[in-house]
1. Can you say what percent of the DSSP beta bridges in the chain, counting only those with both residues inside, are antiparallel? Round to 5.
2. So how strong a dipole does region 197-273 carry about its Cα centre when Lys and Arg Cβ are +1 and Asp and Glu Cβ are -1, to the nearest 20 debye?
3. Given +1 on the Cβ of Lys and Arg, -1 on the Cβ of Asp and Glu, and no further charges, what dipole in debye does region 5-220 carry about its Cα centre, rounded to the nearest 20?
4. Please work out whether region 137-293 counts as rounded, prolate or oblate from its C-alpha gyration tensor, where a ≥ b ≥ c are the square roots of the eigenvalues and a/c under 1.5 means rounded, while otherwise a/b larger than b/c means prolate and anything else oblate?
5. What is the distance in Å between the Cα centroid of region 228-277 and that of region 68-105?
6. Given the whole protein assembly as supplied and a 1.4 Å probe, what does the accessible area of residue 180 come to in Å², nearest 10?
7. Just want the answer: with Cβ charges of +1 for Lys and Arg and -1 for Asp and Glu, which residue in 205, 37, 253 is farthest toward the dipole's positive end in the chain?
8. Could you rank 224, 10 by how accessible they are, 1.4 Å probe, largest area first?
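The values are calculated or read from the model by the stated rules, or taken from the named source; none is laboratory data. Everything numeric in this text was worked out from a predicted model, so none of it was measured. Cβ sites come from the backbone with ideal geometry, for glycine too, and all protein chains shown count toward neighbours. SASA here: full protein model, heavy atoms, side chains in, ligands and nucleic acids out. Shrake-Rupley method; radii C 1.70, N 1.55, O 1.52, S 1.80 Å.
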Amino acid sequence: MDVLVELSSYPELDDRIVIVRAGDEVDAVFVRTERFNVLIDTLGTPELCRMALNLLEEKAADRPLIVINSHMDWDHFWGNAAVAGRAAIIAHAAALDRLRAPSAQQLLRDKTSQESRFRNVELIGPDITFSGSMVLNGGDLTLELIHTPGHTPDHIAIWIPELRICLAVDAVEYPIPEVWSKSAEDLGLIRSSLQRIRDLDARLVIPAHGQTSSPSTVKANLAYFEALADRIDRLNESQLTDGQLSRSSGFRLEDFVAIPDGMPADTATFYRNCHETNLGATVQAHIEKRKSA
Ligand SMILES: [Zn+2]
């Protein structure tokens, strides 16, 4: 698969912010402040990240670069080798646990065996980690890094109060986000992270997938989880343990959100799998709620 990088924007987006788009795979974001530049995510390979840095050279050359890894999902940080040693990389402390897990190396081996474009990827961790929140004071712009777990344990979103812009990365996703596991706890986390982002009352909410900047996506994501819970609440005991639930009428992805026309088949499959995990977590939450009632 050949992925190309291009710079992009959204209507009404301040020109200090640039969308760094790697095809349909993922968007990184570049923010230029008075004191330094910030690159949020390094794309899926060092080559893609280098392509991005070349395109940004004119905007970036005159001040230091800080890199943020929003979370340790491959499409967001496998380009780290392109910036390691020339920019400090910041991530949430929970990123280190994910990086040290044997599954991190296994995924790299698996993906490299499928696609040669991953052959130069090195798993490079952050230089600086934090718990809770962190603030980057750029002078004209402030970047507040907010821990927003639920999609993954280490996920952070970025809030820029001067512009009322939230870089939500994967905490918000169109058509739907995906919860970390089929557990009630992770479901609670993803829903409260979405509520936290909604309560920012942002003018623009920019996720890393789906190529949208509308704050309505946050509300749609919350409504989706709400609808899942409502429908699961009406099931009886035997329906709850039906392993095929995400394929039964009334419980399929398309019964909750419209699948965009022209979405490639493999992308639709990806979101059906996300939906199945979300549904599983909702069932688990329901069972636990019944037990404690
Ligand atoms: Zn992602």
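1. So the antiparallel bridges amount to about 65 percent of the total.
2. In debye, rounded to 20, region 197-273 gives about 140.
3. 240 debye
4. Prolate.
5. Value for the Cα centre distance between the two parts: 31 Å.
6. Surface open to solvent at residue 180 totals about 110 Å².
7. Comparing the listed Cα positions along the dipole, 253 ranks first.
8. 10, 224
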